[in-house]
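Heads up: the structure comes next, in structure tokens.
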Amino acid sequence: MEDGRLTDRLTSLKEHLQQENPLLVDAVSSFRKLDKVCRGLGLLAGDQSTISQIAWWPLISILGPFSAGKSTFINNYLDYPIQQTGSHAVDDKFTVICYNAAGECRVLPGTALNADLRFPFYKMSEELEKVEPGEGGRIDSYIRLKTCPTEKLRGMILIDSPGFDADAQRTATLRITNYIMDLSDLVLVLFDARRPEPGAMRDTLTHLVAATIGRRDSNKFIYVLNQMDIAAREDNPEEVVGAWQRALAQHGLTAGKFYRVYSPTAALPIEDESLRQRFESKRDADLAGIHDRMKQVRVERAYRIVGDLEKLAREVSDMRVPEIREMLRLWRQGVLRRDAILFGLIALVCVIAYLATGHPFSTGLVPEWLGWVFAESWRGLIFCLLLAGGAGWVHFLSRKWSVTKVARIVERNYVHGPVREGLLRALFRNTLPWRTIFHMEPAGWGQRARRLLGSVIADSEKYIQALNDRYAHPSGFAAPTENQPG
């Protein structure tokens, strides 16, 4: 059953999408069908939704180490001094920056993001709590929301990240960094050209380069060598660039676009006229390329959401259901094995007792207490019920032990996250006392669930066709633009 508060939040999301991109309103309904299947399987709780696992706004994140010029880059792009800048670490929080039609710049606490599923970082306090108990209550120490009146932000969200190469909150920062990389439509990874020895940033390079190039969505990562005006003042700026290229290649980045930029408003003057013109020309060309790529996220966001819908639906049928089946197989196997051991031990004790009392039944001598029990039918009935109850207690004890064993396997194979929580919830749902060990299919999985998943996948294909008609115009007729109805 869907939680009432979640229903209200989804209604609010649909109202926003109705104004911004009506096609995605239908996608919300498809996500809710997917939620029904996941709740039936136990993969989602009543107050959870697959909708909260994706970002509904076009999302661009700016990552990099301390003092890589991330805030300056954002200020320059927005033509607005929204972020504080400096040569040292001036910001230790993830800052979500969005448009404010009222023409005001405001700073809001992390709780503004934590409680609104339309924004990234929805329920981030729960994720932080899993990293370290007590950190969930310090959500304002990690994230915040800023609003800005510039039109470039209309319908888009930027995230400025703190560096993590020398961070006291490193574990949580890395976790949040991974989280926003998954959510983002575009990830700009900025490096500082003033650090001529990239080997000193080996850990940062490993996390932001080596861990990203193998991703299925690796094309959304753009690598930028920032503050090249400093390198231009050196005698060997090309060697600085070459050192960075070699460092990135050592971490696997041998292809793809590598940009070299610096802020036009914060640059140091380059005295050599020819060198200045060469660097300015390269900077302007690369900045134009980056900005054009950033403009595309509004279109890419719609495709990404529809793609996530299909991916999540297929994950349920192709991955989660088989995983639940495997958990049930291990649980069933464990119950039968433990039943055999426990009942075998009970039988052995009975045999030993029988032999120790001189074979009473074979000699026709029935123990006095047993004769008293069966002298009255009601006593015999109570005795049989107690015996059955004891056997049932032994059986459910083995069920409980087997559940604990399988849960440990799940916890060992999955890090903290929605998949691990969902599988554990599904395990406990499928091992409730009234479900026998001979149920071969997971609870909530049947023809109706299969039909719903098939409907969700069909919906996603229909949405892709609608997007193609809107943006690609294969029919030869232009569809309404982003700012027109339709």
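The values are calculated or read from the model by the stated rules, or taken from the named source; none is laboratory data. All figures in this text were calculated on a predicted structure; none of them were measured in a lab. Every residue, glycine among them, receives a Cβ derived from its backbone with ideal geometry; neighbour counts consider all protein chains shown. Please note that ligands, DNA and RNA were not included when accessible areas were found on the heavy atoms of the full protein model with its side chains. Shrake-Rupley method; radii C 1.70, N 1.55, O 1.52, S 1.80 Å.
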For this session: Determine, yes or no, whether Leu6 is buried (at least 17 other Cβ atoms within 10 Å of the Cβ), more than 30 Å from Glu151 (Cβ to Cβ) and touching a residue at least 12 places away in the same chain (Cβ under 8 Å).
Result: yes
For this session: Report the residue count in segment 295-321 for those that are in a helix (DSSP H, G or I) and open to solvent by 50 Å² or more (accessible area, probe 1.4 Å).
Result: 10
Seminar exercise, completed: Restricting segment 138-175 to residues that are out of contact with any strand residue (DSSP E or B) (no Cβ under 6 Å at 6 or more places or on another chain), modelled with pLDDT of 75 or more and assigned to a helix (DSSP H, G or I), the one surrounded by the fewest Cβ atoms within 10 Å (Cβ to Cβ) turns out to be Glu151
Problem set entry | Inter-residue pairs, beta-carbon under 8 Å, first outside any loop (DSSP other than H, G, I, E, B) and of a type in the set (Gly, Ala, Ser) and in segment 246-269, second crowded, with 16+ Cβ neighbours inside 10 Å and at pLDDT 70 or above, 6+ apart | none
Exercise. Counting only residues that are among the polar types (S, T, N, Q) and assigned to a helix (DSSP H, G or I), which one in segment 9-24 is least open to solvent (accessible area, probe 1.4 Å)?
Worked result: Ser12
Problem set entry | Total residues in segment 176-195, condition at pLDDT below 85 and within 11 Å of Leu225 (Cα to Cα) | 5
Exercise. Within segment 89-97, is there a residue that is closer than 25 Å to Leu174 by Cβ, surrounded by fewer than 22 Cβ atoms within 10 Å (Cβ to Cβ) and free of Cβ contacts under 8 Å to residues at least 24 places away in the same chain?
Worked result: yes
Exercise. Can we say Asp292 is part of a helix (DSSP H, G or I), surrounded by fewer than 20 Cβ atoms within 10 Å (Cβ to Cβ) and within 19 Å of the chain's Cα centre (by Cα)?
Worked result: no
Exercise. Is it true that Leu13 is out of contact with any Asp or Glu (no Cβ under 8 Å at 6 or more places or on another chain) and modelled with pLDDT of 80 or more?
Worked result: no
Problem set entry | Residue check for Gly46: in a loop (DSSP other than H, G, I, E, B) and open to solvent by less than 50 Å² (accessible area, probe 1.4 Å) | yes
Exercise. Do you know which of the residues in segment 444-475 that are open to solvent by 70 Å² or more (accessible area, probe 1.4 Å) and in contact with an Asp or Glu (Cβ under 8 Å, 6 or more places away or on another chain) is farthest from Ala45 (Cα to Cα)?
Worked result: Ser475
Seminar exercise, completed: When Leu208 is run through (1) crowded, with 20+ Cβ neighbours inside 10 Å; (2) part of a helix (DSSP H, G or I); (3) modelled with pLDDT of 75 or more, the failure sits at (3)
Exercise. Take the residues of segment 277-300 that are at pLDDT 90 or above and among the small types (Gly, Ala, Ser): which is farthest from Leu158 (Cα to Cα)?
Worked result: Ala285
Seminar exercise, completed: Within segment 25-43, residues being in a loop (DSSP other than H, G, I, E, B) and at negative phi number 1
Problem set entry | Cross-chain or 6+ apart pairs with Cβ under 6 Å, segment 454-472 first and closer than 10 Å to Leu309 by Cβ and of a type outside the set (A, V, I, L, M), then open to solvent by 40 Å² or more (accessible area, probe 1.4 Å) and assigned to a helix (DSSP H, G or I) | Ser460/Glu310
Exercise. Can you find a residue in segment 423-443 that is farther than 20 Å from Val335 by Cβ and either open to solvent by 40 Å² or more (accessible area, probe 1.4 Å) or modelled with pLDDT of 90 or more (or both)?
Worked result: no
Seminar exercise, completed: Filtering segment 386-433 for residues that are under 21 Å from the mean Cα position of the chain (by Cα) and among the polar types (S, T, N, Q) leaves a count of 1
Exercise. If we scan segment 382-389, do we find a residue that is at pLDDT below 90, aromatic (Phe, Trp, Tyr) and not in a helix (DSSP H, G or I)?
Worked result: no
Problem set entry | Pairs where the first residue, in segment 70-84, is in contact (Cβ under 8 Å) with a residue 60 or more places away in the chain and the second is small (Gly, Ala, Ser) and open to solvent by less than 10 Å² (accessible area, probe 1.4 Å), C-beta under 6 Å, 6+ apart | Lys70/Gly64
For this session: Working carefully through the options Ile60, Ile82, find the one that is open to solvent by less than 20 Å² (accessible area, probe 1.4 Å), in contact with a Cys (Cβ under 6 Å, 6 or more places away or on another chain) and at negative phi.
Result: Ile82
